[in-house]
1. I'd like the distance separating the alpha-carbon centroids of segment B:1-46 and segment B:177-228, in whole Å.
2. Per-residue HN-Hα couplings for segment B:291-298, Karplus 6.51 cos²θ - 1.76 cosθ + 1.60 at θ = phi - 60°, whole Hz, x for Gly and Pro?
3. Based on the Cβ-Cβ distance of residue B:84 and residue B:318, what FRET efficiency does E = 1/(1 + (r/R0)^6) give at R0 = 22 Å, to the nearest 0.05?
4. How many lysine pairs are close in segment A:51-171, with Cα atoms under 23 Å apart and the two 8 or more places apart or on different chains?
5. With Kirkwood's inverse mean 1/r over C-alpha pairs for Rh, give me the Rg to Rh ratio of segment B:184-276, two decimals please.
6. What residues have an amide H closer than 5 Å to that of residue B:284, excluding those fewer than 5 places away on the same chain, when H is modeled at 1.01 Å from N in the peptide plane?
7. For residue B:357, enumerate residues with amide H under 5 Å from its amide H, sequence gap 5+ or separate chain, H modeled in the peptide plane.
8. Starting with the fewest neighbours, write out A:111, B:25 ranked by other beta-carbon atoms found within 10 Å of each beta-carbon.
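What follows draws every value from the coordinates through simple rules; no lab data is involved. Keep in mind the model is a prediction, meaning the values are calculated, not measured. Every residue, glycine among them, receives a Cβ derived from its backbone with ideal geometry; neighbour counts consider all protein chains shown.
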Amino acid sequence: MAGQDLQRREMLRIMATAAAASKFPGFAKWSFICSHDKSVESIRPEGYQPLFFSPSEYALVERLTELIIPNDTTPGAKEAGVSEFVDFMVARNTDKQYSMRLGISWLNAHCERLFGRTFMSLVEAQQVAVLEPLAYKAKHRAGEEDGRKFFLAIKELTVMGFYTTEIGYKEIDNPALKFHAKSPACPHVDDPGHKHLPPPKW
Amino acid sequence: MPKQIYDVIVIGSGAGGGMAIKTLCEAGLKVCCLNAGRRLDPAKDFRNHRKPWQMTFRGFGDPAKRSESVGYMDSEWVPGVWEHEIRYTTAPGTEWTWPRCWAVGGKTNFWGRSSARFGDIDFLAASLDGYDVDWPVAYQEIAPYYSRVERMIGVSSSIQNRPSNPDGEYLPPFNLRCLDHILQKGAEKIGVPYLPDRIAQLTVDHAGHPACHFCGACTTGCDTGSFFSTPWRFLPLAEGTKNLELRTDALAKNILVDERGLANGVAYIDRKSRQEVEVYGRAVIVAATNVETARILLNSKSRHWPTGIANSSGQLGRNLCDHLYGESAYGYLPQLLGQPSFPDSVGDNTIVWMPRWQNLKDPHEEQFIRGYSVYPGGGCGEYPWYATRAEGFGSSYKREVKRRYPTPISFTLQAPSLRTDRRLRDSVRADSFSVGRKRFENVATLKAGLCRFASCGRRRGRRLRRFTERSRLEPPRYRDVPNGARSQEIRHQRFRTGSRRAELVCL
């Protein structure tokens with residue numbers, strides 16, 4: 001009985017999440033993604049309707065989040081539904097909307113200048129080549145200040161959206177909000193200076 | 001109906017008011033407590049065990065309302081707890097954030113819990129360095145009260161024999177984390193103490209209250225009452241005596257006086273009905289936080305008190321200093337790069353402190369008088385705030401964020417401001433249990449500016465009081481977390497040159 005009860009509660013929880021998700025369209029994807037039951041993922045609604053971005057802008061934002069935190073050995077921003085969070089936050093923030101739209105136009109115009117095509121029609125290597133001068137100080141180029149600002153803004157939102165999902169928590173093995181019977185103590189009792197730690201795990 | 005006369009009316013139920021209520025009720029006096037906000041329900045109002053993805057804005061708050069936030073504690077985890085309905089304005093050209101928790105228990109619901117004792121080096125500081133006047137009490141007189149409070153609320157720490165802050169009666173301290181051991185080693189080399197903080201948080205069960213469960217969400221309130229707050233510790237005791245009447249949503253307006261000019265009651269606004277109500281008592285205790293207390297007193301004008309009650313000196317409302325939230329320096333520990341994560345935020349970082357090490361032997365050893373303490377923190381937090389500072393994107397970036405996760409550290413300096421002019425370089429360790437407000441003279445004149453009661457019916461929008469004068473220094477901005485640009489002394493002089501391994505490298 002107890003087990004059933006738990007299942008029922010879990011069902012109610014998922015239903016509640018789904019209800020909340022329908023209230024905040026920006027959350028449809030990640031709330032399903034974040035539920036413990038992975039099978040739910042397959043029924044998540046395809047074809048998210050962006051709140052602020054146009055469909056083509058949204059596709060570009062999604063691609064950027066994916067490039068910033070890719071799906072490599074672990075799931076990335078796309079799997080965590082980060083673009084929906086970005087859209088949701090920008091939709092709520094009228095101060096940011098103009099610069100976001102401007103940034104997207106800048107990026108596309110920039111790509112046209114360099115390759116004669118918009119960002120989304122470039123192959124991955126070209127996309128990376130466009131972003132690298134924006135992202136790394138050593139590669140900065142004059143005249144790309146607007147692009148750098150836009151990239152940083154998207155990156156900020158991507159980080160915010162990614163590391164606040166269950167996927168993001170798992171990525172860095174976030175130990176937050178666990179309960180402990182005793183105040184957790186440093187495990188390296190013989191090495192207070194921490195000079196002989198095991199080799200880095202990552 | 002004959003009007004009821006209470007023995008004592010207490011305005012406020014925070015650290016000061018809560019203690020007064022408990023003590024007076026236990027002594028058998030009939031107490032009426034007026035509290036400006038509502039009573040919290042920890043199960044509903046503290047969402048401290050929820051994950052960010054269970055919040056609408058993932059814990060970042062509504063971007064549309066960000067400008068209204070009063071700081072990091074005013075978050076989605078405690079919605080509607082910090083005061084927003086009743087507004088205040090600041091003097092033109094100044095910035096000041098005024099975080100007000102008017103719920104029952106006030107800021108004890110969310111406070112930092114550092115509970116060190118002052119020593120004679122503070123009480124008699126004026127005799128030592130020649131500035132200002134001594135406190136009217138010495139440590140020996142206060143010590144028994146410190147003990148009493150420590151036994152009552154439970155403070156975890158260790159015996160440290162520091163000349164600045166005498167030891168008390170402590171529960172076992174929190175265990176040190178990896179970052180603490182590393183920093184302690186570094187601090188040792190340059191002769192700076194690095195010790196367990198005195199923290200009003202239970203490491204073992206105490207006085208019928210359960211030990212901490214080390215979840216690290218103290219800033220959003222505790223659902224087990226394992227750190228001291230008046231709603232968990234004092235109000236149940238006071239209510240048990242049946243001597244307490246707690247009136248919530250009762251915003252004190254002014255103190256009433258009798259024909260001799262002595263306080264005999266309080267007029268308050270009931271925020272629900274928006275009516276003015278009067279309550280009478282033989283004595284009135286005003287414990288509504290320093291700025292609010294000053295406002296109420298200044299607002300209490302009468303024939304006997306034309307400039308506000310207890311303001312014959314004209315000093316009322318001047319030279320105030322609100323709670324200091326400190327300024328921080330940030331860095332990272334390269335030793336821990338790539339190491340597995342560790343629950344570092346178990347006590348919301350109030351685990352260790354670096355108690356005052358300046359001006360101990362010679363009061364004029366430094367370029368400033370008196371001293372300050374530093375509160376280190378860091379490690380694997382709930383959110384990798386450093387991530388946007390790491391360069392680049394892609395798999396290498398993702399890995400870098402992960403590698404750096406255990407490494408960030410911060411040092412929060414609790415002193416008014418080291419950037420102020422020499423006259424004002426007094427130092428303060430502010431916490432809710434400091435015995436008086438006298439020490440805060442000359443520290444900062446705050447700009448509370450014009451206080452408006454947005455909700456007071458007919459009085460809506462009417463300027464009630466400009467109760468502070470021009471400020472002489474810029475108070476530390478609470479929300480503005482700089483890129484390690486402040487707290488220069490620690491960053492540049494001490495750690496950079498002093499300790500190679502624990503060097504602070506700006507991200």
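1. Cα centroid of segment B:1-46 versus Cα centroid of segment B:177-228: 30 Å apart.
2. These are the phi-based 3J(HN,Hα) values: 5, 5, 4, 4, 4, 5, 5, 5 Hz.
3. Efficiency, from the Cβ-Cβ distance: 0.25.
4. The number of close lysine pairs in segment A:51-171 is 11.
5. Rg/Rh: 1.21.
6. Long-range HN contacts for residue B:284: B:9.
7. Long-range HN contacts for residue B:357: B:372.
8. A:111, B:25
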